[in-house]
Amino acid sequence: MNDQKAKEIDSYSNLSVARILLSLGGIFGAHRIYLKQYPEAFIYLSTFGGFLVALFYDTIYLSQIVEEYNNILLNKRANENERYYNAPRRLFSIIPWDSVLFLLAQVSYGMWIGALFLALKTMLKFDDELSLSTAFCVAVGVSFGIYIMGNTGTERRNLLPIWCASFALSFLSICILELSYFNSLFFTSLAGTAMGNKVKLRDELINKTENFDDIKRFTLKHYLIWSFLFCCIISSIYLGVSETILDRRIRVGKSFDSKTIRNIAYNFLMSNQVDNHRLFLSSTEIAYLSSIQKNSKISGLFKKDDNDWTSTLSVFLVDVARANSYKEFLFKGKNHRKENIMHPMFWAFNRMFVIKSLEQNIFEKDSVLLKLCEKASKEYERIVKNSYASNGSSDDKRNYKSLNTKKCCENYSSLLKTLTNM
């Protein structure tokens with residue numbers, strides 16, 4: 001009798017141990033593994049601590065979380081009034097499972113995992129005319145994310161209805177309606193979540209007498225399988241990014257030397273800006289070269305097209321790095337105040353908008369873009385002048401697209417003109 005009681009006491013979670021695990025590996029869900037909350041632990045792993053938001057809540061309310069777990073072992077339920085009196089708790093504890101917040105949590109996490117699957121698929125060389133493989137990958141990622149989120153706490157969802165609804169909407173959005181990737185992810189995740197919740201509600205009405213102890217429990221084996229799958233996806237995405245983005249080379253001006261985006265990004269992140277300054281301040285003309293050729297089977301799996309999102313990200317990274325070099329150069333020249341110089345990321349966004357609005361190649365040179373910007377500004381002034389002559393007033397609302405292009409052209413060209421005039 002005493003041995004059994006001692007065994008039960010040993011099975012309870014210790015708050016001190018949970019705090020240590022939260023401090024050392026909370027971002028990977030170590031404290032959730034200790035509490036045998038494996039779906040929650042995987043969500044922490046795949047979102048790096050709930051993008052640090054859920055980790056912040058766990059830091060504050062860890063004692064209540066451990067107490068809840070121990071109460072479940074004692075087959076005791078915390079008083080509902082007390083539960084909401086102690087609100088807010090962490091995301092998985094404070095929200096009623098049938099609430100709109102939990103619906104948003106399922107949709108958001110489904111979109112996140114679906115985006116990871118989609119990112120890997122868009123970099124692979126394999127594709128088909130109907131984009132059926134893309135729709136399939138999106139449906140797999142979204143349904144997997146909804147299934148994991150839907151099985152947190154005492155909730156349970158069935159994978160089959162979630163998968164059927166997700167694939168149906170993914171096929172409709174991508175293959176038939178040809179919606180954007182973001183819209184496809186959103187509608188697919190929303191449909192999968194709605195179907196999973198509907199089937200769960202139907203099962204609850206049929207099995208009203210089902211106890212918590214009868215509900216299927218997840219084990220460490222499930223967590224390890226999910227984690228292995230997630231690590232494979234992240235590793236594959238990293239390899240794809242290396243092949244399609246980081247290994248691409250750039251040449252500045254008429255120099256014969258070239259550098260990879262990997263080296264530029266490393267210098268920028270590690271605050272080793274001397275090499276980047278020396279590279280970008282030699283000229284404002286940037287030429288993008290092909291990636292370093294590798295005789296490996298892995299490099300043959302990834303496509304290197306110039307019109308996909310990988311090329312866009314390549315140009316954006318280089319623009320941020322070189323705009324930072326321009327900003328530091330102007331500031332050290334003591335002719336410009338630092339707060340009056342445009343933020344590098346804002347300048348890169350403006351340049352990207354100019355490229356998209358003027359429908360130019362993503363690797364177009366600045367000399368060409370500056371000429372097109374001058375032409376676009378003159379065209380806007382002509383439209384406004386004609387509008388004023390015909391109506392007696394300038395109608396900016398009708399020309400908002402031209403106005404946005406003109407403003408972004410001014411923001412983009414101002415930095416380059418300042419450097420040229422020095």
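Please find, within the range 236-260, the residue that is surrounded by the most Cβ atoms within 10 Å (Cβ to Cβ) out of those that are under 13 Å from Met123 (Cβ atoms) and free of Cβ contacts under 8 Å to residues at least 40 places away in the same chain.
Leu246
Based on this model, can you work out whether Tyr326 counts as of a type in the set (Ser, Thr, Tyr) and modelled with pLDDT of 85 or more? Outline the logic, then answer.
Values: of a type in the set (Ser, Thr, Tyr): yes; modelled with pLDDT of 85 or more: yes.
Here the answer is yes, as Tyr326 does meet what is asked.
Okay, residues lined up against (1) touching a strand residue (DSSP E or B) at 6+ places or on another chain (Cβ under 9 Å); (2) modelled with pLDDT of 85 or more; (3) among the basic types (Lys, Arg); (4) closer than 30 Å to Ile33 by Cα:
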| residue | (1), (2), (3), (4) |
| --- | --- |
| Ser180 | no, yes, no, no |
| Asn207 | no, no, no, yes |
| Leu224 | no, yes, no, yes |
| Ser227 | no, yes, no, yes |
| Ser255 | no, no, no, no |
| Lys259 | yes, yes, yes, no |
| Asn263 | no, yes, no, no |
| Tyr266 | no, yes, no, no |
| Met270 | no, no, no, no |
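Could you give every pair whose Cβ atoms fall below 8 Å, whose first residue belongs to the range 26-55 and is crowded, with 19+ Cβ neighbours inside 10 Å, and whose second residue is β-branched (Val, Ile, Thr) and not in a helix (DSSP H, G or I), counting only separations of at least 6 or pairs across chains?
Final answer for the pair search is Gln37/Thr152; Tyr38/Thr219; Pro39/Thr152; Glu40/Thr152; Ile43/Thr152.
Every residue, every condition in (1) at pLDDT 85 or above; (2) closer than 16 Å to Val241 by Cβ; (3) touching a strand residue (DSSP E or B) at 6+ places or on another chain (Cβ under 9 Å); (4) crowded, with 20+ Cβ neighbours inside 10 Å, yes or no:
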| position | (1), (2), (3), (4) |
| --- | --- |
| Leu301 | no, yes, yes, no |
| Asn307 | no, no, no, no |
| Ser311 | no, yes, yes, no |
| Lys332 | no, no, no, no |
| Met342 | no, no, no, no |
| Met345 | yes, no, no, no |
| Asn350 | yes, no, no, yes |
| Ser357 | yes, no, no, no |
| Asn361 | yes, no, no, no |
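What number of residues within the range 107-146 are among the hydroxyl-bearing types (Ser, Thr, Tyr) and outside any helix (DSSP H, G or I)?
So in the range 107-146, the residues among the hydroxyl-bearing types (Ser, Thr, Tyr) come out as 108-109, 122, 131, 133-134, 143.
Imposing the further condition that a residue be outside any helix (DSSP H, G or I) reduces the set to 131.
Qualifying residue count for the region: 1.
Take the conditions among the basic types (Lys, Arg), more than 30 Å from Val274 (Cα to Cα) and at pLDDT below 85 and apply them to Lys385. Does it pass? Spell out the reasoning first.
Numbers: among the basic types (Lys, Arg): yes; more than 30 Å from Val274 (Cα to Cα): yes; at pLDDT below 85: yes.
Considered against the rule, which asks whether it is among the basic types (Lys, Arg), more than 30 Å from Val274 (Cα to Cα) and at pLDDT below 85, Lys385 comes out as yes.
Just give me the residues in the range 230-265 being over 28 Å from Tyr44 (Cβ atoms) and aromatic (Phe, Trp, Tyr), in sequence order.
The first filter runs over the range 230-265 and keeps only residues over 28 Å from Tyr44 (Cβ atoms), leaving 243-244, 247-264.
Hit for the range 230-265 is Phe256, nothing else.
When only residues in the range 262-287 that are without any contact (Cβ under 8 Å) to a residue 40 or more places away in the chain and hydroxyl-bearing (Ser, Thr, Tyr) count, which is nearest to Leu369 (Cα to Cα)?
Ser283
Quick one: would you say Ser236 is modelled with pLDDT of 85 or more, in contact with a Leu (Cβ under 6 Å, 6 or more places away or on another chain), closer than 30 Å to Val142 by Cα and in a helix (DSSP H, G or I)?
Values: modelled with pLDDT of 85 or more: yes; in contact with a Leu (Cβ under 6 Å, 6 or more places away or on another chain): yes; closer than 30 Å to Val142 by Cα: yes; in a helix (DSSP H, G or I): yes.
Judged against the criteria, Ser236 is a match.
Being of a type in the set (Ser, Thr, Tyr) and at pLDDT 90 or above narrows it down to one residue among Tyr85, Tyr147; which is it?
Details: Tyr85 fails: at pLDDT 90 or above.
Exactly one residue qualifies, and that residue is Tyr147.
The values are calculated or read from the model by the stated rules, or taken from the named source; none is laboratory data. The shown structure was predicted, so the numbers you read here are calculated from the model rather than taken from an experiment. Cβ: placed from backbone, ideal geometry, glycine included. Neighbour counts: every protein chain shown.
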